[in-house]
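Here the structure comes first, spelled out in structure tokens, and everything after it is commentary.
The values are calculated or read from the model by the stated rules, or taken from the named source; none is laboratory data. All of these numbers come straight from a predicted model, not from anything done at the bench. As a convention, Cβ positions derive from the backbone with ideal geometry for all residues, glycine included, and neighbour counts pool all protein chains shown.
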Amino acid sequence: MNIAIFFTNYGPYHLARLEAAYNKFKDQEWEIFGLELTRTEEEYPWQIQVEKFPCKIISVIKDYPLEKAKFIPLLYKLILLLNQTSPDAVAISGYARPSMLSALLWCFWHRKPAILLSETTEYDEPRSWWKEKIKSWLVKRYQAALVGGQPQKRYLIKLGMPADAIFLGYDVVGNHVFHPERIKYLPSPLNRPFFLAINRFVPKKNLPFLLSAYAAYRQVAGAKACDLVLCGDGELRLQLEEQIITQRLKDYIHLPGFLQQEQILPYLAHANCFIHASIQEQWGLVVNEAMAAGLPVLVSNRCGCYEDLIIEGVNGFGFDPENLEELITLMLKINSAKFDLQLMGKASLEHIQNFSPAYFANGLIQAIEYALTH
């Protein structure tokens, strides 16, 4: 058996999944390789070296970012690669991109099983009936699926995929990279306590809301208030900088920019609490990372990970990302002595072990075996 796992671009958590699958599939006497559209992408400018990676990763494009690729030549090269490698099954990340649909079409034409990798929920964006009809038709062309959690599974069932064809474990990160025992010795980037958020600076991440909540929290907490670190970059940066100045928060909010995984570790090692305020989020892998670092988490209940990862009052809290008072209250609670943050962080660390790369590998094997026999 020769299995391809097809992502747009292999970043740190894709590599963690692929390596776990590679190691697990050896027991099955299966060969696995990574397939990606591009080695670089402007939207996610990861700096990843794959040359010494134990598993082969093949890029459709190597010399320039995806955003500069021409549509027809890209699809032609993809089909050529699939013909050359001739996988016995292909795990395909999503169905939104034409390139992913092309891989599905290749599987259909060559009578090879296609496994859908999906983190989409019913409510992560507005839905229209005619698009849902098309999506339902597409979903039924896959023989099996690997999804993030329960909301993602319910959505695929609603679209018409049989429940027994859907397996769990898609949304994981390399937990060991963030483990507190590994990162606690890193020097703190700040000399005072802080909340941490890691996002692209785009509208769905709801960062103006977070800044407003922080400003109100700081007025109440006064001298005992934590600072706020916003890691990331994007189209809203100037707007956020203006809001920080207008609300007189420049001395308390820190914008270190887009950071590679190793550069984020000191922030995860020393934050008091992690906050994720998105109004739309299919999953939210940064929450996995924060929990793997042993942090309490405050997470928008619109995030696809909320149901599976957040244990209310144990490892953190969910909140309505349009209810400013609710988030302010939670930030004040975290800032007070009402909760043992170390105990909450320990609960995060314990719970996230259920969402490991091995969980991904086991789920993928189950999905492939189902696809091959149905």
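Key figures for this structure:
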{"read-out": "LYS26 vs. criteria closer than 29 Å to GLN366 by Cα and either in contact with a Lys or Arg (Cβ under 8 Å, 6 or more places away or on another chain) or not in a loop (DSSP other than H, G, I, E, B) (or both)", "value": "yes"}
{"read-out": "Check on ALA21, assigned to a loop (DSSP other than H, G, I, E, B), assigned by TED's automatic domain parsing to the domain that holds GLY363 and of a type outside the set (Ser, Thr, Tyr)", "value": "no"}
{"read-out": "Where LEU104 falls short, out of the listed (1) touching a Lys or Arg at 6+ places or on another chain (Cβ under 7 Å); (2) part of a helix (DSSP H, G or I); (3) at pLDDT below 95", "value": "(3)"}
{"read-out": "Subset of the range 140-158 (residues that are of a type outside the set (S, T, N, Q) and crowded, with 19+ Cβ neighbours inside 10 Å)", "value": "TYR142, ALA144, ALA145, LEU146, VAL147, GLY148, GLY149, PRO151, LYS153, TYR155, LEU156"}
{"read-out": "Any hit, the range 283-301, residues being free of Cβ contacts under 8 Å to residues at least 12 places away in the same chain and farther than 19 Å from LEU116 by Cβ", "value": "no"}
{"read-out": "Residue that is farthest from GLU31 (Cα to Cα) [pool: residues in the range 58-100 that are of a type in the set (Lys, Arg) and in contact (Cβ under 8 Å) with a residue 12 or more places away in the chain]", "value": "ARG97"}
{"read-out": "Enumeration of residues in the range 317-336 that are crowded, with 19+ Cβ neighbours inside 10 Å and either of a type in the set (Asp, Glu) or within 19 Å of ASP227 (Cα to Cα) (or both)", "value": "LEU327, ILE328, LEU330, MET331, ILE334, ASN335"}
{"read-out": "Qualifying residue in the range 152-161 (condition: closer than 23 Å to ILE5 by Cβ, outside any loop (DSSP other than H, G, I, E, B), out of contact with any His (no Cβ under 9 Å at 6 or more places or on another chain) and touching a residue at least 60 places away in the same chain (Cβ under 8 Å))", "value": "yes"}
{"read-out": "Looking only at the range 1-29, and only at residues there that are surrounded by fewer than 18 Cβ atoms within 10 Å (Cβ to Cβ) and of a type in the set (S, T, N, Q), the one that is nearest to the chain's Cα centre (by Cα)", "value": "ASN23"}
{"read-out": "Test: residue in the range 318-339 that is among the polar types (S, T, N, Q) and touching a strand residue (DSSP E or B) at 6+ places or on another chain (Cβ under 7 Å)", "value": "no"}
{"read-out": "Residues located in the range 288-331, provided they are touching a Ser or Thr at 6+ places or on another chain (Cβ under 7 Å), closer than 12 Å to SER278 by Cα and among the polar types (S, T, N, Q)", "value": "SER300"}
{"read-out": "Selection within the range 302-316 - in contact with a His (Cβ under 8 Å, 6 or more places away or on another chain), buried (at least 24 other Cβ atoms within 10 Å of the Cβ) and under 22 Å from GLU119 (Cα atoms)", "value": "CYS303, LEU309"}
{"read-out": "Looking only at the range 31-61, and only at residues there that are assigned to a loop (DSSP other than H, G, I, E, B) and either polar (S, T, N, Q) or not assigned by TED's automatic domain parsing to the domain that holds PHE6 (or both), the one that is surrounded by the fewest Cβ atoms within 10 Å (Cβ to Cβ)", "value": "GLN49"}
{"read-out": "Of all residues in the range 189-207 being in contact with a helix residue (DSSP H, G or I) (Cβ under 6 Å, 6 or more places away or on another chain) and either without any contact (Cβ under 8 Å) to a residue 40 or more places away in the chain or over 15 Å from GLY284 (Cα atoms) (or both), the one that is surrounded by the fewest Cβ atoms within 10 Å (Cβ to Cβ)", "value": "PRO189"}
{"read-out": "Tally, over the range 188-233, of residues that are assigned to a helix (DSSP H, G or I) and of a type outside the set (S, T, N, Q)", "value": "19"}
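Results for (1) farther than 26 Å from TYR359 by Cβ; (2) modelled with pLDDT of 95 or more, shown as yes or no for each residue.
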{"site": "ILE115", "(1), (2)": "no, yes"}
{"site": "SER118", "(1), (2)": "no, yes"}
{"site": "TYR123", "(1), (2)": "no, no"}
{"site": "SER128", "(1), (2)": "yes, no"}
{"site": "ILE134", "(1), (2)": "yes, no"}
{"site": "ALA144", "(1), (2)": "no, yes"}
{"site": "GLN150", "(1), (2)": "no, yes"}
{"site": "ARG154", "(1), (2)": "no, yes"}
{"site": "LYS158", "(1), (2)": "no, yes"}
